[in-house]
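Here is the structure we will look at, set down as structure tokens.
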Amino acid sequence: MSPGASGKRIVVAEDEPSIVVSLEFLLTQAAYEVHIATDGDEALRTLYRVRPHLVLLDLMLPGVDGFDICRRLRADPQLAATRVVVLTAKGRAREIEKGLALGADAYVTKPFGTRELMATVRALIGGA
């Protein structure tokens, strides 16, 4: 966990180590509190423990996939208000529609620009 001065908590649910390192650095520099989960089961445990303001959610996680995690978040009254940014290589219209239909607040395809991603995070939960 990386401490954030703002108290705004973000869970990064991503299994690609280079992306995890990059996102953790970017978000920590922006003063967010960052928690990492590298598979779907760990992501669910972390979401319930941390109760983040936002989750950056890869759809193709090992174990429980991102679609199922998003579905579970929206069905749980304790976590339903968590903002979800889907972060994935799946950029076809069908996948985007499915992600948004399950309750994702934003859909960012890989490779992504860091400015675009940070603007999306700030728009959803404010600055750190």
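If you go through segment 71-111 and keep only what is in contact (Cβ under 8 Å) with a residue 40 or more places away in the chain, over 23 Å from Lys8 (Cα atoms) and either touching a helix residue (DSSP H, G or I) at 6+ places or on another chain (Cβ under 6 Å) or part of a loop (DSSP other than H, G, I, E, B) (or both), you end up with just Lys110. Taking each residue of segment 112-128 that is in contact (Cβ under 8 Å) with a residue 24 or more places away in the chain and outside any helix (DSSP H, G or I) and looking for partners that are among the hydroxyl-bearing types (Ser, Thr, Tyr) and surrounded by 12 or more Cβ atoms within 10 Å (Cβ to Cβ) with beta-carbon atoms closer than 8 Å, six or more apart or interchain, yields Gly127/Ser6; Ala128/Ser6; Ala128/Tyr32. Please verify whether segment 53-61 includes one or more residues that are more than 13 Å from the chain's Cα centre (by Cα), at pLDDT 95 or above and either surrounded by fewer than 14 Cβ atoms within 10 Å (Cβ to Cβ) or not polar (S, T, N, Q) (or both). For segment 53-61, residues more than 13 Å from the chain's Cα centre (by Cα), at pLDDT 95 or above and either surrounded by fewer than 14 Cβ atoms within 10 Å (Cβ to Cβ) or not polar (S, T, N, Q) (or both): absent. Flag set for Ala31, criterion: under 21 Å from Gly127 (Cα atoms) and either part of a helix (DSSP H, G or I) or not acidic (Asp, Glu) (or both). Here Val55 qualifies as in contact (Cβ under 8 Å) with a residue 24 or more places away in the chain, among the aliphatic types (A, V, I, L, M), part of a strand (DSSP E or B) and closer than 19 Å to Val34 by Cβ.
Listed by first and then second residue, the pairs linking a residue in segment 1-27 that is farther than 20 Å from Ala89 by Cβ and basic (Lys, Arg) to a residue that is outside any strand (DSSP E or B) and modelled with pLDDT of 95 or more, with Cβ atoms under 6 Å apart and 6 or more places separating them unless they lie on different chains, are Lys8/Tyr32; Lys8/His53; Lys8/Ile125; Arg9/Val50; Arg9/Pro52; Arg9/His53.
The values are calculated or read from the model by the stated rules, or taken from the named source; none is laboratory data. Note that this is a predicted model, so its numbers are computed, not measured. FYI the Cβ positions are ideal-geometry reconstructions off the backbone, even for glycines, and counts take in every protein chain you see.
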